[in-house]
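A quick write-up on the structure given underneath.
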Ligand code: G1P
Ligand code: ZN
């Protein structure tokens, strides 16, 4: 069936797909226009195969039905969909690759809250399993501005609870177990017997799935296959509103887990994942591991897991992520890449075999096993390392810092700012950048300052305006950029880093260690002065 439509403003994919308020997505023609634009901008859907699934948030199921009917009307040959329309982002990426499909549609607004009043999103991944490149998202955006019609099959809803094959006209719909293939992939990468032995010997863990999509994956892998005690996984049932929680695994939103890990009788290891399962937070007994440090530790120890025994080809991190991983790469004699924020920039490096591990300060880590960050993967690699090294998380961290030095690191977010105020702050610092080198602030000398631009070493494409950075001669840094995933006003992210070659000790308070850099940021960018805010909304 052909339906006439009109272009809808603002369908520009951000850092990770198109995210809007759920109500916006549910408004007439909104989802349909965007999906048709994806098909149109990528050579049409005729004869193609796609993977479809999402994180279970409100509207996930009916959006999936719409996409299935649209794929059928656009001539797709087959759609592989997770049972009950569920697929974590990394599992979807894996399926796109495993089944050699033409791409996939992942329904998620990641770590943003879900529900009728909250957020929804659609991500399009290409045949390599990774997020569409900027060239593709620009073509999709262009199509949304000229679309006049979309196609949708007039068909009853598919029973997505039933595993097996059904048809919409000439298109096959394969409803599959969302967990099985992913679990098999993990079993091939990690030493499950060693981890099982560790659990059998009394190792205790808490995994907070935050009422989001990772619950079924974590239960199957941790509790069933690895023998972690029943109840290890909490908040394990995906709920349309994530139980009212903010499914973002960081110390602010995963408070219950933090309290347990810092309380009496804490388990040996704690972890959490986000709405769509690509983020992770890792906590030891009485010690929080920052994502930047986690990436560095994973890089330094990955060879302990069977999937990485041959060593790493290289490590990549987003520009605002701390340089802790760079020190490991240097020691290992492997390549180290600095990309703009967003997983899509890692795809080429992974495809070209330049990098094996990638990570971002925003609780994302992953490897070349898929083309997305992967929360549970990071947790399993940690478990494998713990099982091999037979040390606690704090012993591993302390050993790491003594060997490589410590990059104190934090991100301060100022959320829901009026757009013009946020733009003024950015412009204020941007205008000063050229004059900064050589200046002294808070007793530190500025060595370099620029607006980060990235030239992709594989395809030569250049991405400009990727964050303002000020680097001090002692290795300390501050970075300022605007979020590309928010759905309300503008969010300024201030990233702070200070390197100490001989760390003073585990108990150091990170914010105190960063105090001079925090003061320098205010002196240079005046965020608080300009916005009238007295403190960041979220500190990670
Ligand atoms: C945020 C993170 C970024 C991550 C993205 C998707 O984007 O900062 O590292 O890739 O979410 O999970 P931002 O809102 O900063 O554009
Ligand atoms: Zn996510």
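FYI, it's all coordinate maths here, none of it is from the lab. Just so it is clear, the model here is predicted, and its values are computed rather than measured. Please note: Cβ atoms are built from the backbone with ideal geometry, for glycine as well, and neighbour counts cover all protein chains shown.
Quick notes
- Computed on the Cα atoms alone, the convex hull of the stretch 204-315 gives a volume of 111 cubic angstrom per residue.
- In this simple spin-label model, placing a label point 7 Å from the Cα along the Cα-to-Cβ direction at both residue 134 and residue 451 gives a separation of 1.3 nm.
- Ordering of 338-348, 413-423, 511-521, 59-69 by burial proxy (mean other Cβ atoms within 10 Å per residue, highest first): 338-348, 59-69, 511-521, 413-423
- Averaged over residues, the count of other Cβ atoms within 10 Å places the peptides 399-405, 496-502 in the sequence 496-502, 399-405, highest first.
- Sorting 209-220, 312-323 by their mean Cβ neighbour count within 10 Å, with the most densely packed peptide first, gives 209-220, 312-323.
- Size descriptors for the stretch 421-494 (Cα atoms only): Rg and Dmax, in that order, 13.9, 41 Å.
- Helix-only mean residue ellipticity at 222 nm for the chain, each DSSP H run of n ≥ 4 adding -39500 (n - 2.57), per residue, nearest 500: -9000 deg cm²/dmol
- Inter-label distance for residue 511 and residue 23, nm, one decimal - labels placed 7 Å from Cα along Cα-to-Cβ: 3.4
- Considering only the chain, percent of DSSP beta bridges that pair antiparallel, nearest 5: 70
- When the Cα atoms of the chain are aligned to their principal axes, the ranges along those axes come out at 68, 58, 41 Å in descending order.
- Figure legend: label point modelled 7 angstrom from the Cα of residue 265 along Cα→Cβ; no residues of the stretch 180-208 have amide N under 13 Å from it.
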